[in-house]
1. Using 0.36 nm times the number of residues separating residue 248 and residue 296, minus their current alpha carbon distance, what extension gain do you get?
2. Calculate the tail of P(r) for the stretch 59-182: the fraction of all Cα-Cα distances greater than 26 Å, expressed in %.
3. What spacing in nm lies between the two simple spin-label points modelled at residue 263 and residue 233, each 7 Å away from Cα in the Cβ direction?
4. Could you please state, rounded to a whole Å, how far the C-alpha centre of the stretch 188-264 is from the C-alpha centre of the stretch 113-173?
5. Listing 273, 220 from the residue with the fewest other Cβ atoms within 10 Å to the one with the most, what is the order?
6. Using Cβ contacts closer than 10 Å as the measure, can you line up 49, 26 from fewest to most?
7. If I model a spin label as a point 7 Å beyond the Cα along the Cα-Cβ vector, how far apart are those points for residue 76 and residue 119 in nm?
8. I'd like the FRET efficiency for residue 47 and residue 130, computed as 1/(1 + (r/R0)^6) with the beta carbon distance as r and R0 of 35 Å, rounded to 0.05.
């Protein structure tokens, strides 16, 4: 505590010194400290809010000068909250993070009627529909405040949604009476968080208002993109190691089949590949008598290790049945057989 603060403390009455010490003790017992506005909250509702916060947060209301003095004595950056101590305010302490505190305070707000002379916090709209009020002078009162109302079917009805006051404008006595008759409560009563200090950082409400669902979706999208990047870049981590090993195994097997490497794990695939090639050649021969008996009447089949793609299926549907196309296919198969045979011989000797 600075020397100047000590001098100030010495000059204040004992009860004020005890109050400041009590506030300081409250501030130091929580991880997050905020300033909340309590303007317009009736004392009974304020007590209900205190009880509602029990167990998660503590609300402390005192004179603004004493709140500021306590914040200055604690120091550690908390004196920044003094800039928000103005009007009817209190300090709120919690061990929750600032985002959780803001969410809790917003969720605890309740609708309340608005009085003449107050400023509308947002546009006040009288909705379309039956008011449930019998025909009488009330229809004129509705029209006077700007609502499109008329008598219809034995009651007063509002023909369309009517904005009777815009945000920032003052509520008149006539509008207060109309809203009260209709049971419209256009404002919310609750603790308005002005600022909160935690872990050396000062947060304002605009920084704490989050769309939780969108935030979760963004986190999931980022995690998915990071996973794909690490796998495609072959950057090993604890999370993607099994996937990288599976990919490597698949690539190695494909290479072994392509190069006709006679590994025990690949032999079944090589046999299937050779069988498919033989069937493809047999299918191109018109004279079945020239074929061995076991190959007569067989159809060409794809290799077991090569799953057909969408393009392959499309090619199959639009296959060229001309003699030239058949001849070119046979030549390609012959070339493949020669290469495979050479590779196999090379592997054996």
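Just so it is clear, none of the values below were taken in a lab; they were calculated from the coordinates. All figures in this text were calculated on a predicted structure; none of them were measured in a lab. Here Cβ is always computed from backbone atoms with ideal geometry, including for glycine, and neighbour counts include all displayed protein chains.
1. Details: separation 48, 0.36 × 48 = 17.28 nm, distance 3.98 nm.
Net length gain for the segment: 13.3 nm.
2. Numbers: 3599 of 7626 pairs.
Percent of Cα pairs beyond 26 Å in the stretch 59-182: 47.
3. With each label point 7 Å from Cα toward Cβ, the separation is 2.8 nm.
4. The stretch 188-264 and the stretch 113-173 have Cα centres separated by 52 Å.
5. Numbers: 273 21, 220 10.
Ordered by Cβ neighbours within 10 Å, fewest first: 220, 273.
6. Details: 49 21, 26 18.
Least crowded to most crowded, the residues run 26, 49.
7. Reported label-point gap for residue 76 and residue 119 is 3.5 nm.
8. On the way: r = 38 Å, r/R0 = 1.08.
So the FRET efficiency works out to roughly 0.40.
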